[in-house]
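Written below as structure tokens is the structure these notes are about.
The values are calculated or read from the model by the stated rules, or taken from the named source; none is laboratory data. A quick note: this is a predicted structure, and the numbers were derived from the prediction, not measured. Every residue, glycine among them, receives a Cβ derived from its backbone with ideal geometry; neighbour counts consider all protein chains shown. What goes into the accessible areas is simple: the full protein's heavy atoms, side chains included, and nothing from ligands, DNA or RNA. Shrake-Rupley method; radii C 1.70, N 1.55, O 1.52, S 1.80 Å.
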Amino acid sequence: MLKTTLAALLATAALAGAASAECEITLRSSDTHPDGYPTVEGVKAMAAEVKEKTQGRICIEVFPSSQLGEEKDTIEQTQFGVIDMIRASFGSFNDIVPITQTVSLPYLYKSDEHLHKVMDGPIGQEIAKGFEEHGLVPLAYYDGGARSFYNAKKPIKTVEDLKGLKFRVMQNDVFVDMMTALGATATPMPYGEVYSSIQTGVIDGAENNFPSYDSSGHAEVAKYFTLDQHLMVPELVAVAKTSWDKLSPEDQAIMREAAQNSATLQRRLWAEQEKASEDKVAAAGAEIIKDVDKTAFIEAMAPVYEKYVTTPEARDLVKRIQETQ
Ligand code: GTR
């Protein structure tokens, strides 16, 4: 498992001190993932471009491995401007930014390409407005692939196999209801608590993409991975509105461009990491179950759509996403 050591923390603090000595503006950016993870490397690439294009005036310091706190807490701190930047999953926003719930519904996207078309088009801009209303300025959407179930107890091939098992989900009402609709029990908790909760039997499993299953060490304690791909949840890179408003329009344009370029890089790194992590966990003994009856999983989601897609706006949004080609 990747752990933050005291030495690494001290090195980061030393670097931060060195960086801020020569930077006019220093933006602290939070990520739950460790160094080397595609999201962390994406924001680091953005930082390098911004530093170069501002002749070293603007520095972005990336704090990986939840050094600034668990995802939901750091989102709130970014809204209040305590942290300047965040890279977080849409899943952690829940009702803080309600539109993220609609666009993170189970089985909404058909493929990575479909999700890219949606996020890169007018719907992506509409979602950006949703964040702006809540103190965050979105700069880029990153890839987070598809999330699937994994557990420590048994291979899961059908919806029935999930019955009676307890799964960690993100702290998001849609995902809690998703588990209920599948006949399992949902335990919402922060990402950083999942490893020990599986190890001690507090929960039987969780759900995530291959890179997270691998880098978090969850594969070590929950070896049955079912490739049901029930969720595709986009990732966000955003700046606190208070920090953003202090930047000149020229610097804001540099930030936006660098963020967009970093998203292109992140998508490539993501595709590579998904494959590398799948191979790595399989070689280390994870059992990857690919023979899954997905239709039954999709049909089981009907009550979730009934509960969350109730207004004409939400119905229209879901329809437009489904029709995006
Ligand atoms: C990952 C995502 C993280 C975090 C985590 C979780 O896939 O990249 O931002 O949200 O899932 O499950 O908490």
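At 1.4 Å probe radius, can you tell me the per residue accessible area of segment 213-285 in Å²?
Computed with neighbouring chains in place, this is 42 Å² per residue.
According to the square roots a ≥ b ≥ c of the eigenvalues of the Cα gyration tensor, what is the shape class of segment 254-293, taking rounded for a/c under 1.5, prolate for a/b larger than b/c otherwise, and oblate for the remainder?
prolate
Residue 228's amide H: which non-local residues (gap 5+, or another chain) put their own amide H closer than 5 Å, with H modeled 1.01 Å from N in plane and none for Pro or chain starts?
Amide H to amide H, under 5 Å and 5 or more residues apart or across chains, residue 228 pairs with 149.
Sorted by accessible area with a 1.4 angstrom probe, largest first, how do 248, 148 fall?
248, 148
Under a 5 Å amide H to amide H cut-off, with H placed in plane at 1.01 Å, what residues pair with residue 36 once short-range neighbours are removed?
41
Within the chain, what percent of beta bridges assigned by DSSP are antiparallel, to the nearest 5?
55 percent
Rounding to the nearest 20 debye, state how big the charge dipole of the chain is about its Cα centre with +1 on each Lys and Arg Cβ and -1 on each Asp and Glu Cβ.
Dipole of the chain, to the nearest 20 debye: 360 debye.
At a 1.4 Å probe radius, which order do 177, 291 fall into by accessible area, largest first?
291, 177
Skip the ligands, DNA and RNA, and give the accessible area per residue of segment 97-169 with a 1.4 Å probe, whole Å².
37 Å²
Using a 1.4 Å probe over the heavy atoms of the protein chains, calculate the carbon and sulfur portion of the accessible area of the chain as a whole percent.
54 percent
Residue 295 accessible area, nearest 10 Å², 1.4 Å probe?
Answer for residue 295: close to 80 Å² accessible.
What whole number of Å gives the distance from the Cα centroid of segment 122-186 to the Cα centroid of segment 25-58?
Cα centroid to Cα centroid, the span is 27 Å.
How much mean residue ellipticity at 222 nm does the chain get from its helices, if each DSSP H run of length 4 or more adds -39500 (n - 2.57) and you divide by all residues, to the nearest 500 deg cm²/dmol?
-14500 deg cm²/dmol
Out of all DSSP beta bridges in segment 133-266, what portion is antiparallel? Express it as a percent rounded to 5.
Expressed as a percentage, antiparallel bridges in segment 133-266 total about 75.
So, with +1 on the Cβ of K and R and -1 on the Cβ of D and E, and no other charges, what is the size of the charge dipole of segment 61-215 about its Cα centre, to the nearest 20 debye?
In total the dipole reaches around 640 debye.
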